Amino acid sequence: MDAKVLVVDDETALREALEYNLSRQGYAVCTAADGRSALEVARRERPDLILLDVMLPGLDGLEVCRILRQEMSVPILMLTARTDEVDKVVGLEMGADDYITKPFSMRELLARVKAALRRERLIRDELAVEGEELVAAGRREVWQLGDLRIDLTRAEVSLQGQVLPLRPKEYELLVFLARNRGRVLSRDLILQRVWGWDYVGESRTVDVHVRWLREKIEADAAHPQRIVTVRGMGYRFEE
């Protein structure tokens, strides 16, 4: 494997244990012991995945996650000793892709890392292949949905002529919703089709990503007209 993983934790023993076990799996590993160092290392090393502890000295993990999410689309797995659902939801809303509650088994963590990297790689490969197939076929597939334009060939979304900075997961979610426009899609179905069968998170992840999409494609995210909530059932994309 040539993936690079950034481990951020202020507990020296845990940080070193994670570094050792990840290295044995073939990952290149870089580390940081506090929030500000994590930002510096992430910006310099551009890791493929980040393991980020919530409780860090100075700048905590949630704030680090929020800042990094504005700068890069790397998968972020939060490490937390907190078990309250509110804390987990806050982490997801800050941009985390998943969370692992301490104490955890090393086998579980390695499996989560592998699954997250595989999902991210598959998304990028699928988007690239889909675009290449359209080009090879000599055609360009574009969906024009009002002032929203989805260019499948370029994997690009624009609103009123302005290209939107969507993360790969946001793009894939939007394409899935738009491809099934007019249909009510349950959170579980969206989770399975967009995040994959091996995803071990919860449906709240869907809600968070829908909220991010609404902030980018809706005229008024508080009163969405495109991605509509169907109470007790899921979401429906309207043209």
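Just so you know, all these numbers are worked out from the coordinates, no wet-lab data involved. Computed from a predicted model, the values in this text were never measured in an experiment. Positions of Cβ are generated from backbone atoms using ideal geometry, with glycine treated the same way; all protein chains shown enter the neighbour counts.
So who's got an amide H within less than 5 Å of the one on L145, skipping anything under 5 residues away but keeping other chains? H placed 1.01 Å off N, in plane.
I150
What longest region of the chain stays clear of trypsin sites (Lys or Arg not before Pro) that DSSP places outside H, G, I, E and B and that have at most 10 other Cβ atoms within 10 Å?
On the way: sites that count: R139, R231.
In the chain, the maximal stretch lacking such sites is 1-138.
Can you tell me how region 1-63 classifies by the Cα gyration tensor, rounded, prolate or oblate, using a/c under 1.5 as the rounded cut?
Here region 1-63 falls in the oblate category.
Once R0 is set to 25 Å, what does the formula 1/(1 + (r/R0)^6) return for the Cβ-Cβ distance between D60 and F104, expressed as a FRET efficiency to the nearest 0.05?
On the way: r = 19 Å, r/R0 = 0.78.
Using R0 = 25 Å, I get an efficiency of 0.80.
Measure nothing but the geometry: give the 0 to 90° angle between the long axis through the Cα atoms of 12-24 and the longest principal axis through the Cα atoms of the chain, rounded to 10°.
Helix 12-24 and the main axis of the chain meet at about 60 degrees.
How far is helix 106-136 tilted, in degrees, relative to the longest principal axis of the Cα atoms in the chain, given as a value from 0 to 90 rounded to the nearest 10?
30
When a footprinting reagent is the concern and you count Cβ atoms within 10 Å, what order do W143, W195 take, fewest first?
Working: W143 15, W195 24.
The order, fewest Cβ neighbours first, is W143, W195.
Please find, in a Gaussian network model of the chain (springs between Cα atoms separated by less than 10 Å), the residue of E172, E11, E93 whose mean-square fluctuation is greatest.
Among E172, E11, E93, the largest GNM mean-square fluctuation belongs to E11.
Under a 5 Å amide H to amide H cut-off, with H placed in plane at 1.01 Å, what residues pair with L164 once short-range neighbours are removed?
Close amide H contacts, sequence-distant or interchain: V157, S158, L159.
Does region 4-119 come out rounded, prolate or oblate by the C-alpha gyration tensor, with a ≥ b ≥ c the root eigenvalues, rounded set by a/c under 1.5 and, if not, prolate when a/b is larger than b/c and oblate if not? Write down the numbers at each step before the final one.
Working: a/c = 1.27, a/b = 1.12, b/c = 1.13.
It comes out rounded by the Cα gyration axes.
Could you work out the relative contact order of the chain? I mean the mean sequence separation of Cα pairs under 8 Å and 6+ apart, divided by the number of residues, in percent. Walk me through the numbers on the way to the answer.
On the way: 346 pairs, mean separation 28.7, N = 239.
Normalised by residue count, the contact order of the chain is 12 percent.
How big is the gap, in Å, between the Cα center of region 157-183 and the Cα center of region 217-233?
Each part's Cα centre sits 14 Å from the other's.
In region 162-197, which residues have a backbone nitrogen under 16 Å from the label point lying 7 Å from Q225's Cα in the Cα-to-Cβ direction?
What the label zone holds, given the 16 Å backbone N cut-off, is no residue at all.
For a quick check: with amide H placed at 1.01 Å from N, whose amide H comes under 5 Å from M78's, ignoring anything fewer than 5 positions away on the same chain?
L52, D97, D98, Y99, I100
Using the Karplus equation 6.51 cos²θ - 1.76 cosθ + 1.60 (θ = phi - 60°), what ³J(HN,Hα) coupling, rounded to whole Hz, does each residue of region 175-187 give in order, writing x for Gly and Pro?
Per-residue couplings from phi come out as 4, 5, 5, 5, 5, 10, 4, x, 9, 7, 10, 6, 4 Hz.
Run through the DSSP bridge list for the chain and note the antiparallel percent, rounded to the nearest 5.
Antiparallel bridges make up about 50 percent of those DSSP assigns within the chain.
Share of Cα-Cα pairs in the chain beyond 30 Å, in percent? Please report the intermediate quantities before stating the final value.
On the way: 8268 of 28441 pairs.
Here the tail beyond 30 Å accounts for 29 percent of pairs.
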